[in-house]
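The block underneath contains the structure these notes are about, expressed in structure tokens.
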Amino acid sequence: MPNYVELEKNIKSIIDYLQGLCNTNGLSNTAAEEIIVTSVFLYKFLNDKFIANLKRFSSEMDISIEDVKKNKNNYLDAFYDTFSRDVAFAYEDTIEYLVSYLGDEDFYIKFEDALIRISSYPRNEDFSIETAEGEKKPLFTRIISEYIPQPKRNAFAKNIFSYITVDRFDFGETVDGNYDFFSTIFEYLIQNYNVASGTYAEYFTPQALSSAIAKILVHMSPVEDEIYEVYDPSAGSGSLVLHLANELGDGKFGNKARVFTQDISQKSSRFLRINMLLNGLKESLQNIIEGDTLTNPSHFKTAGDQSSGLKKFDFITSNPPFNTDFSSTRNEIENNWKNTTRFFAGIPNIPPKNKKSMSIYLCFIQHVLYSLKDDGKAAIVVPTGFLNAQYKGKGEKGKISLEGKIRQQIIEKKWLRGVVSMPSNIFANTNTNVSVLFIDKTNTNGELLLIDASKLGEKIKVGKNKKTVLRQDELDKIVKTFIEHIVEEDFSVSVSYDQIKGKSYSFSPGQYFDVNIKNQELTQEEFSAKIQEFSKNVGDLFEKGSSLEREIKNILKDIKYEG
């Protein structure tokens with residue numbers, strides 16, 4: 001059993017060292033730093049896993065590991081077939097091989113050549129990221145030539161190897177398949193790079209919250225031992241959808257989840273690929289699409305055939321951007337889908353002043369509902385204001401908002417399973433209060449649970465921002481309450497579809513809590529004492545008020561005109 005505490009410490013030290021190296025070369029807080037750090041980290045992980053697999057293979061086949069490295073009797077073909085889910089290496093791509101060339105003046109070129117070879121092997125084609133336009137983006141690029149000035153390149157490459165060659169842990173074999181461990185490592189790897197940028201703001205869903213959402217989604221009803229197609233149309237770095245895949249677990253066909261994603265951000269798509277590689281989800285890598293989900297959704301019923309219609313999924317998770325300027329594509333979205341029910345409630349109009357206030361998340365909610373199978377289930381993170389926003393503008397009764405139209409559709413179709421309202425500042429990079437909608441298209445009986453978890457959590461400071469962290473027992477309480485449909489005063493309430501209709505389709509838990517007025521039994525003596533105390537307090541307040549009044553009048557008398 002590996003010492004995970006020590007292992008985590010040592011792996012994080014590599015990340016810290018690489019960031020420090022970039023800092024001393026003037027790359028701190030740049031896109032170049034993110035690409036170099038994540039690329040070297042991924043190379044180190046894949047290298048160690050390859051070496052660990054070589055050792056395992058040679059032991060099982062009872063042959064010399066040196067013979068496998070030299071590909072004697074074409075051993076590598078059998079090796080690759082045995083470990084077909086892993087990235088293919090040749091021995092000359094490894095750290096162990098390259099260190100013998102550290103003294104060369106062009107060492108950085110040899111290192112980069114290895115990265116390019118790894119990316120180019122036909123066996124590694126499935127590890128590319130595909131854009132919505134069909135372009136393939138390889139695992140690695142020339143990370144030193146592209147970002148480091150010529151005089152410093154060799155020294156930079158040697159400094160990288162001086163640390164990743166330190167024999168302090170086995171990255172591949174000891175933690176194979178430990179999802180919880182790697183989710184922690186991954187969060188540490190990208191914490192400095194996952195900030196709002198690009199066309200859409202990248203919201204990173206905290207791991208603990210992602211885990212709780214996944215548990216609720218999977219355990220709302222029994223799952224079978226079969227393959228489920230799971231999807232995230234705004235995947236970011238994959239926290240939500242990969243927790244869902246992990247929660248579904250393994251069955252007779254391997255992991256029960258086949259993951260499909262799309263995200264407009266290049267950076268997020270790279271992060272997601274690393275996340276999937278760390279967790280052994282190679283069979284789903286070809287389903288990562290980089291592109292605009294709203295204008296160009298890229299998963300179809302028949303792969304690659306747009307005419308077959310958009311693919312439907314068993315489970316969907318989404319933590320979409322809430323508000324952003326998508327005015328340049330707004331009319332395109334509306335025109336391309338006006339004859340379908342994909343955007344049944346409509347597309348937000350372009351405001352005359354603040355275009356950044358456009359509620360893009362409303363488009364994502366509709367896309368999720370459209371993309372869900374008739375027996376599918378979904379979890380969608382929304383701003384809490386969505387739960388009861390009803391009318392456009394001020395006092396325009398009769399002009400129902402897009403939010404209201406979407407909620408009405410969810411209730412009329414009997415798709416809601418419940419809502420969890422989260423504490424404020426649950427995300428460090430946004431102050432928006434959030435809630436989670438749980439959609440279940442089979443919930444026609446209408447047992448709905450609304451949870452107000454807004455008072456839970458511990459306030460901490462992350463950089464300059466305040467953040468609320470839910471304790472493990474609080475997360476467990478939310479999960480248990482939802483799954484077991486537990487009603488608890490001022491925390492959770494069971495409602496029906498008809499009750500929600502009666503409240504103008506409001507999903508806000510607080511509107512359904514009973515107002516309890518507690519009567520306190522008092523003796524005549526206790527009653528008299530309280531009345532006397534109240535009278536005294538009121539008298540004191542009146543006296544203070546009179547004193548303040550006299551003081552103000554005196555001040556006003558002393559004020560004289562000065563011409």
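Values in this text are rule-based calculations from the coordinates and carry no lab data. Worth saying up front: this structure is predicted, and the values here are computed from it rather than measured. Backbone-built Cβ (ideal geometry, glycine too); neighbour counts: all protein chains shown.
The charge dipole of segment 219-270, taken about its Cα centre with unit charges on the Cβ of Lys, Arg, Asp and Glu (plus for the first two, minus for the last two), comes to roughly 280 debye.
Working note: 222 nm ellipticity from helices only, DSSP H runs with n ≥ 4, each -39,500 (n - 2.57), summed and divided by the residues of the chain, gives -13000 deg cm²/dmol to the nearest 500.
Per-residue packing, averaged as other Cβ atoms within 10 Å, sorts the ranges 292-299, 66-73, 150-157 into the order 292-299, 150-157, 66-73, beginning with the highest. Secondary structure note: in the chain, about 60% of the DSSP beta bridges are antiparallel. Overall, the chain carries a charge dipole of about 2040 debye about its Cα centre when +1 sits on the Cβ of Lys and Arg and -1 on the Cβ of Asp and Glu, all other atoms neutral. For the residue pairs Lys338/Lys405; Lys312/Lys377; Lys252/Lys301; Lys477/Lys503, the alpha carbons lie more than 18 Å apart in Lys252/Lys301; Lys477/Lys503. Going by Cα centres, segment 450-493 and segment 535-557 are how many Å apart? Cα centroid to Cα centroid, the span is 46 Å. Does a label point 7 Å from the Cα of Ser84, set along Cα-to-beta-carbon, have any residues of segment 242-260 with amide nitrogen under 15 Å, and which are they? So the set is 253-255. On C-alpha positions alone, give me the angle between the axis of helix 524-558 and the longest principal axis of the chain, in degrees, nearest 10. Result, in degrees: 90. What do you get when you divide the Cα radius of gyration of the chain by 2.2 N^0.38 Å, with N the number of residues? Rounded to two decimals, the normalised Rg is 1.19.
If R0 is 30 Å, what FRET efficiency do you get for Thr340 and Gln266 from their C-beta distance, rounded to 0.05? After rounding, the FRET efficiency stands at 0.55. May I ask which residue of Thr384, Ile555, Ser221 lies farthest towards the positive end of the charge dipole of the chain, with charges of +1 (Lys, Arg) and -1 (Asp, Glu) on Cβ and the Cα centre as origin? After comparing all options, I get Ile555. Size of the dipole of segment 13-117 about the Cα centre, Lys and Arg at +1 and Asp and Glu at -1 on the beta carbon, nothing else charged, in debye to 20? Taking the Cα centre of segment 13-117 as origin, the dipole is about 260 debye. Helix 361-371 and the longest principal axis of the Cα set of the chain meet at an angle near 60°.
Between Thr131 and Asp476, what length comes free when the chain is fully extended (0.36 nm per residue of separation minus the Cα-Cα distance, one decimal in nm)?
Between Thr131 and Asp476, full extension yields 120.4 nm more.
The residue list Gly291, Ile360, Val37 was ranked by how far each Cα lies along the charge dipole of the chain toward its positive end, using unit charges on Cβ atoms, and Ile360 comes out on top.
Note on Ser13 and Gln150: the model spin-label points, each 7 Å out from Cα along the C-beta direction, lie 3.7 nm apart.
Compared with the dominant principal axis of the Cα atoms in the chain, helix 4-24 is inclined by about 90°. Assuming R0 = 22 Å, can you tell me the calculated FRET efficiency for the pair Lys503 and Lys455, based on Cβ-Cβ distance, to the nearest 0.05? The formula returns an efficiency of 0.55 here. Let's test the formula: R0 of 60 Å, r as the Cβ-Cβ distance of Asp374 and Glu526. What FRET efficiency results, to the nearest 0.05? About 0.45, to the nearest 0.05. Taking 7 Å steps out from each Cα toward its Cβ at Glu484 and Asn74 produces label points 6.0 nm apart. Entry note, the chain: relative contact order of 10 percent, from Cα contacts under 8 Å with a spacing of 6+ residues.
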